1. Can you tell me which residue is nearest to the chain's Cα centre (by Cα) among those in the range 203-219 that are surrounded by 16 or more Cβ atoms within 10 Å (Cβ to Cβ) and part of a helix (DSSP H, G or I)?
2. Which residues, taken from the range 1-41, are over 21 Å from residue 108 (Cα atoms), assigned to a loop (DSSP other than H, G, I, E, B) and touching a residue at least 40 places away in the same chain (Cβ under 8 Å)?
3. Going through the range 87-128 one residue at a time, which ones are open to solvent by less than 10 Å² (accessible area, probe 1.4 Å), closer than 27 Å to residue 351 by Cβ and part of a loop (DSSP other than H, G, I, E, B)?
4. Which residue pairs have Cβ atoms closer than 8 Å, lie 6 or more positions apart in sequence or on different chains, and pair a first residue in the range 216-229 that is more than 14 Å from residue 113 (Cα to Cα) with a second residue that is among the polar types (S, T, N, Q)?
5. Looking at 162, 179, 158, which one is touching a residue at least 24 places away in the same chain (Cβ under 8 Å), under 17 Å from residue 111 (Cα atoms), in a strand (DSSP E or B) and touching a strand residue (DSSP E or B) at 6+ places or on another chain (Cβ under 9 Å)?
6. Mind checking which residues of the range 224-234 are touching a helix residue (DSSP H, G or I) at 6+ places or on another chain (Cβ under 6 Å) and either hydrophobic (A, V, I, L, M, F, W, C) or open to solvent by 80 Å² or more (accessible area, probe 1.4 Å) (or both)?
7. Can you tell me which residue among 83, 77 is aromatic (Phe, Trp, Tyr) and either part of a loop (DSSP other than H, G, I, E, B) or surrounded by fewer than 23 Cβ atoms within 10 Å (Cβ to Cβ) (or both)?
8. Check the range 25-45 and report whether any residue there is at pLDDT 95 or above, under 20 Å from residue 148 (Cα atoms), of a type outside the set (A, V, I, L, M, F, W, C) and open to solvent by less than 20 Å² (accessible area, probe 1.4 Å).
Amino acid sequence: AIPYAAPPTGPLRFRPPEPAVWQGVLDATGTGCVAPQLPSRLRRAVGDFVAPQSEDCLHLTVWTPAPDQRRRPVLVWLHGGAWQSGAGALDWYDGARLAARGDIVVVAPNYRLGALGWIAAPGETANMGLLDQEAAIDWVVAHIEAFGGDPQNVTVMGQSAGAMSIPCLLMRTPRFQRGILQSASIGRGFRPLGPAHEIADIYLRAAGVAHLDEARQLPVQRLLEAQLAPPVLQWLANEGAQRSLFAPVADGQVLPLQPEQALRAAAGQVDVIAGYTRDEMAAFPDRGLDPASHALGDLVYGGSTRQWADDTVAQGRRAWSYRFDHRPNPSFGACHCIELPFVFGTLPAFADAPMLQGLQPDDAQRLTDALQSAWLAFVREGDPGWAPWPHQHTFA
């Protein structure tokens, strides 16, 4: 619960993050609140979590072997959740095991979600959740040496929306040296400014206001409920772009108005691991293991990840790719999110996850060892230990 930015409340709601300020000694040993959010649409596969919510959520958690001067490699984790749900401060993403096993420092920030972080209203700043992520990385660069980390050896790792946020950050001024993209939804693209303004207007009217200034006065619950209003959901269905309700916007200020060329250039900024799962869409409502679901998964996750690896290598950087194929539950297969318990070594925290029912202990240990060894080797030495792209490594 270390604040990396001021609470985005009152007049700071819907504003870019401001520096955190406090007097005296701050007790940051407890667990902070998570960003206000509705239940995840993936809970039928991943399970659910309960955590206190508050707009005062711009905190991060640090796991370190020791607050000394060792200047260890740093791993910053950006959680997924379609920019609508999730948090860095969850037991699912406890970084203690990675920090201890790899002698690294792990940092997990929360960032603003849904309309609070990603609405794009005329005359206002868009992509505030992305600016939150950037502020958290700035905090790491400024302060992580006091926690035994090296501010000049930072890897940013993300999954799903968190992974797609990494290309967005690379389109700006990168503050990190490597990236790990797990199921990056690059294939969804960026919402153009016109449609982003249109859904912002429909959403605000559903909340009972006409302007963002009025929305700054509303109870946060009203803002969450408006995300489920029929006109809002109908607009999203009509868009038909497989995008989240609120997501990165090509606004011309935080991100370019024409992002395609900038996205290709961004792939040349850092070395990466970039991969996806065999049955991505099986975690989502109304999707499964059928050919149409596989085709959509390859469009949103697979093809765009392979293109990112191509673009990375074409610009002189190194890329490694993987596919996670292990299928413990035949109903969900190797679905979206399934690699996370193995990456973090947090299988007990995922004990209620339907996607893992049927997992054998030997497979659990084997996959945890394999993913953690590869990820930590990349964080520490810049090479996960298998052949680079166009080879694709399989975790089965």
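1. 203
2. 9, 13, 14, 15, 41
3. 87, 88, 95, 104, 110, 111, 113
4. none
5. Values: 162 fails: in a strand (DSSP E or B); 179 fails: under 17 Å from residue 111 (Cα atoms).
From the options 162, 179, 158, the qualifying one is 158.
6. Answer for the range 224-234, where residues must be touching a helix residue (DSSP H, G or I) at 6+ places or on another chain (Cβ under 6 Å) and either hydrophobic (A, V, I, L, M, F, W, C) or open to solvent by 80 Å² or more (accessible area, probe 1.4 Å) (or both): 226, 229, 232.
7. After applying the criteria, what remains is 83.
8. Within the range 25-45 (the criterion being at pLDDT 95 or above, under 20 Å from residue 148 (Cα atoms), of a type outside the set (A, V, I, L, M, F, W, C) and open to solvent by less than 20 Å² (accessible area, probe 1.4 Å)), the answer is no, since none of the residues qualifies.
The values are calculated or read from the model by the stated rules, or taken from the named source; none is laboratory data. Values in this document were obtained by computation on a predicted structure and should not be read as measured data. Virtual Cβ from ideal backbone geometry, glycine too; neighbours counted across all protein chains shown. We work out accessible area using only protein heavy atoms, side chains counted, and drop any ligands, DNA or RNA first. Shrake-Rupley method; radii C 1.70, N 1.55, O 1.52, S 1.80 Å.
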